Amino acid sequence: MTAVFTDIQGFSAISEQLDPAHLVRLLNRYLTAMSAIIMENLGAIDKYEGDAIIAFFGAPVYREDHAALACRSALAMKEAERELNTFIVDEGLSPSPLFTRIGINTGDMVVGNMGAENRMDYTIMGSAVNLASRIEGANKQYRTGGILISEYTKEKIGDEFVCRSLDRVRVVGISTPVRLYELLGSRSAPGPLQDGGDPGQADYLAAWEEAVGLFERGSFEKAGDMFALLARKMPGNNTAQLYAERCLSRAASPQPEAWDGITNLTEK
């Protein structure tokens, strides 16, 4: 199955500036729009936790394309977010635009009725579910455009989507490293890389993959130069700027010979 976790960046700060009734109106508008997209793509809503949505694809009716359905949903949610933010600004529903972070992971999960004998929830559990949650949080650390998927999801979606490689990481509570990918768009309708334009996307992505490879092999100066160039080519590409900064830092403080290219994430 495939699990999806979403969260609104900085929502605690937004909620502090709204009275409870106003906050409920904003959340209901947002959650209604996002949930409709998930269900239109045959996903199931597990639960809401404040502004966060937990959903899954592949149950109660199994579908082979559950990973692709999850990715299509994520891209549609980001598009809906742009439209929703226009309405929110016009109506004054939020002191700032909303930015959704989404984490997606595919793997073996348990799904079914769980809880007390007199109070059951149809829900998902398992390490693969926890990893989806950790991946959602990694969007903040990598300054992404909002959607991260695991290598396990990437393996299942074929060539339908445009993605770029990020680090192999160890997330909090899970020792096995996993490759992260940023989901950028669909090949049938490729979008801009984050907030920039489309400066020859295929060439840009090829250069990106080369830079990531150099970084993981410990060629920090060469990788840093490439990431800095990529950041200049697309000023809104905050992830490229992050990698350029990391390369500069690592080049100034050489890593031990045991450097394996794996990044240990210390935040959820």
query = Could you state the number of Å between the C-alpha centres of the range 123-167 and the range 95-115?
reply = 10 Å
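On a full-extension model of 0.36 nm per residue, what is the gain between E49 and A202, subtracting their alpha-carbon distance, rounded to one decimal in nm?
51.3 nm
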ask   = Straight-line reach from K47: which aspartates and glutamates have a Cα under 12 Å away, not including same-chain ones fewer than 8 places off?
value = D121
request  = Identify, among L31, P95, S219, the residue whose Cα sits farthest towards the positive end of the charge dipole of the chain, taking +1 on the Cβ of Lys and Arg and -1 on the Cβ of Asp and Glu, with the dipole about the Cα centre.
outcome  = S219
From the C-alpha gyration tensor of the range 27-122, square roots of 5λ in Å = 27, 17, 10
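Is the shape of the chain best called rounded, prolate or oblate, per the rule: a/c under 1.5 gives rounded, else a/b larger than b/c gives prolate, else oblate, with a ≥ b ≥ c the square roots of the Cα gyration tensor eigenvalues?
Numbers: a/c = 1.72, a/b = 1.38, b/c = 1.25.
Because a/c hits 1.5 or more and a/b exceeds b/c, the chain counts as prolate.
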Cut-off 14 Å (backbone N to label point 7 Å along Cα→Cβ of R25), residues of the range 95-110 = 95
ask   = List the lysines whose alpha-carbon lies under 25 Å from that of K222, not counting same-chain residues fewer than 8 positions away?
value = K233
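How would you classify the range 54-211 from its alpha-carbon gyration tensor, with a ≥ b ≥ c the square roots of the eigenvalues: rounded for a/c under 1.5, else prolate if a/b is greater than b/c, otherwise oblate?
Values: a/c = 1.77, a/b = 1.25, b/c = 1.41.
Oblate, because a/c is 1.5 or more while a/b does not exceed b/c.
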inquiry  = Angle check, please: helix 127-142 long axis (alpha carbons) against the longest principal axis of the chain (alpha carbons), in degrees 0 to 90, nearest 10.
reply    = 60 degrees
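Percent relative contact order of the range 73-218, based on C-alpha pairs within less than 8 angstrom and at least six residues apart? Can you show the working numbers first?
Numbers: 199 pairs, mean separation 26.1, N = 146.
Reported relative contact order: 18 percent.
Coordinate-derived values only; no laboratory data. Quick caveat, the model's predicted, so the values are computed rather than measured. Because the Cβ atoms are built from the backbone with ideal geometry, glycine has one as well, and the counts that use them run over all protein chains shown.
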